[in-house]
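Each reported figure results from applying straightforward, stated rules to the coordinates on display, with no laboratory input. Remember, it's a predicted structure, so these values are computed and weren't measured experimentally. Note that we place each Cβ from the backbone using ideal geometry, even for glycine, and neighbour counts take in every protein chain shown.
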Amino acid sequence: MSTSAPSILLTGNQAVAWGARLARPKVVPVYPITPQTPVLEQLTEFAAEGTFDAEIITPESEHSVMSACIPASLVGTRVFTATASQGLLLMHELLHYASGARAPIVMVNVNRTVASPWAFWPDQTDSLSQRDTGWIQYYVESAQEALDSVLQAFRVAEELLLPTMINLDAFYVSHALEPVQVPAQDLVDGYLPPFNPPHRFDTDKVESWGNVATQDMYYRHRQGLSEAMARVPALAAQVDLEWAQLTGRSYGVIERYRCDGARTAIVTMGSMCGTARDAVDAMRDAGLAVGLVKVRLFRPLPAAALRIALTGFDDIIVLDRNYSPGYGGVLHQELRSVLYGAPVTPRLHGLLAGVGGVNVSPAKVAEFVRQALHGDVQSESQWVR
């Protein structure tokens, strides 16, 4: 049953902080970094006014932040953190440790360009370069989705014991104001039960942690991680459905927008989905049968759901706000892998659009589509502005 809530104007960063407050974590290590800093500022304001009962820790670096998150999680405490760009890269070593330790930390990453050159604009290369660390990865389109995804992420992370990263584009989402419905605390408490892991540091129930593993033990640990990851898409869809029943808001694992009857699909992630929606509406009004497929869950990549979602299209235009040197657009290449061997394979066009935060307007998206349909876009990732 849907329960409406009043809307208040929040930036994406503020919405993230509200999501963290509602989730009731007990330990929150954070190091400030542009453009994530307002998340920490809002959480400290909540703590100062007595509405956020958590231990906020500000270590000397992001590496130390994750070093604090892991043991806090392993003692059975709900843990939240946030970072961006270079901060996420500095955590890289410990991201592997967190997933291997099955520590269900929830972290928000504000997607920002990585150096060098030094810049502060939206670009998803920072988080996509962490795709093999064993973290679940969500990409969100709006402040509302960011708040809701924090709560959904804790459900998924704590049930499967997997760390989870929620990614939102710098400035386009992190600093843009929009109306956001903040759910009531009692509604969230009913949706998100207290964290009660099966294993924890406990002197009354002694277990061994951090020992050197044999080859077979390491193999079995990685196999267990694989089995947990395989359960993510179904569970993520289920907790999203439960959230929809409570609030009326649903995002799915992937979303098809105006795809019925469409022969061409735009596929992208993050805030560019909002731009693509406007472009699709304009092209539909102009008589061009185009739809949008939004990828919300990127790791694990929901390959089966994507094959179904992309069935029936003649052309797929992938918009990547990232660049992997020597590889191209990451989402484009991942979709090529997903569609390989399909009975009927659509033409896949990869466009490096919005890399480094370059603005991509609805009119520009429509232009990309027309270029692809006229054969002006190659099958390999292509730079466009």
(request) Using θ = phi - 60° and the Karplus relation 6.51 cos²θ - 1.76 cosθ + 1.60, list the HN-Hα couplings for segment 93-107 in order, rounded to whole Hz, with x at every Gly or Pro. (result) 3, 7, 4, 4, 5, 4, 5, x, 7, 6, 8, x, 6, 10, 10
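Between rounded, prolate and oblate, where does segment 123-198 land on the alpha carbon gyration tensor, with a ≥ b ≥ c its root eigenvalues, rounded for a/c under 1.5, else prolate if a/b exceeds b/c?
oblate
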(message) Can you give me the long-range amide H partners of Ile57? Hydrogens built in the peptide plane at 1.01 Å from N, cutoff under 5 Å, separation of 5 or more residues or another chain.
(response) Val28, Val30
(message) What distance in nm separates the two pseudo spin-label positions at Asp132 and Gln245, each 7 Å out from Cα along the beta-carbon direction?
(response) 4.0 nm
(message) Given contacts defined as C-alpha pairs under 8 Å and at least six residues apart, what's the relative contact order of the chain, whole-number percent?
(response) 17 percent
(message) Just to be sure I understand: if I project the alpha-carbon convex hull of segment 254-383 onto a plane and average over all orientations, what area do I get in nm²?
(response) 7.3 nm²
(message) How compact is segment 56-191 by the rule of thumb for globular proteins, expressed as Cα Rg over 2.2 N^0.38 Å?
(response) 1.03
(request) Sort Glu207, Glu380 so that the residue with the fewest other Cβ atoms within 10 Å of its own Cβ comes first and the one with the most comes last. (result) Glu207, Glu380
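Based solely on its DSSP helices, what 222 nm [θ] is calculated for the chain when runs of n ≥ 4 H residues each add -39,500 (n - 2.57) and the sum is averaged over all residues, nearest 500 deg cm²/dmol?
-12500 deg cm²/dmol
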(request) Have a look at the DSSP beta bridges in segment 7-246 and tell me what percent are antiparallel, nearest 5. (result) 15 percent
(message) Using all alpha carbons of segment 213-279, what is the percent of pairwise distances in each 5 Å bin, ordered from the shortest bin to the longest?
(response) 3, 13, 14, 13, 16, 14, 9, 7, 6, 4, 1
(message) As I understand it, the dipole of the chain uses +1 on the Cβ of Lys and Arg and -1 on the Cβ of Asp and Glu, about the Cα centre. Which of Gly375, Met107, Pro179 lies farthest toward its positive end?
(response) Gly375
(message) Given Cβ point charges of +1 (Lys, Arg) and -1 (Asp, Glu) and nothing else, what value in debye, to the nearest 20, does the dipole of segment 254-383 about its Cα centre take?
(response) 280 debye
(request) Give, as ranges by residue number, the residues of segment 345-368 whose backbone N falls under 17 Å from the point 7 Å along Cα→Cβ of Arg263. (result) 345-349
(request) Enumerate the amide H contacts of Ala84 below 5 Å, restricted to partners 5 or more residues apart or on another chain; note that Pro and chain-start residues carry no placed amide H. (result) Val110
(message) If packing is taken as the average count of other Cβ atoms within 10 Å, what order do 312-318, 14-20 fall into, highest mean first?
(response) 14-20, 312-318
(request) Pull up all non-local amide H partners of Leu10: gap of 5 or more, or a different chain, and H-to-H distance under 5 Å with H placed in the peptide plane. (result) Glu178, Val180
(message) For a protection proxy built on the mean count of beta-carbon atoms within 10 angstrom, sort 26-35, 356-365 highest first, please.
(response) 26-35, 356-365
(message) Let's see if you can work this out: charge +1 on each Lys and Arg Cβ, -1 on each Asp and Glu Cβ, no other charges. What is the dipole magnitude of the chain about its Cα centre, in debye to the nearest 20?
(response) 780 debye
(message) Past the 40 angstrom mark, what percentage of all C-alpha to C-alpha distances in the chain do you count?
(response) 13 percent
(request) Could you tally the net charge around Pro35, taking each other residue with its Cβ under 13 Å from the Cβ of Pro35, Lys/Arg +1 and Asp/Glu -1? (result) -3
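Mind ordering 323-330, 197-204, 145-152, 252-259 by average Cβ neighbours within 10 Å, highest first?
On the way: 323-330: 16.0, 197-204: 10.2, 145-152: 26.5, 252-259: 18.2.
The most tightly packed comes first, giving 145-152, 252-259, 323-330, 197-204.
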(request) Just check segment 303-379 against the gyration tensor rule for me: Cα atoms, a ≥ b ≥ c as the square roots of the eigenvalues, rounded for a/c under 1.5, and otherwise prolate or oblate depending on whether a/b exceeds b/c. (result) oblate
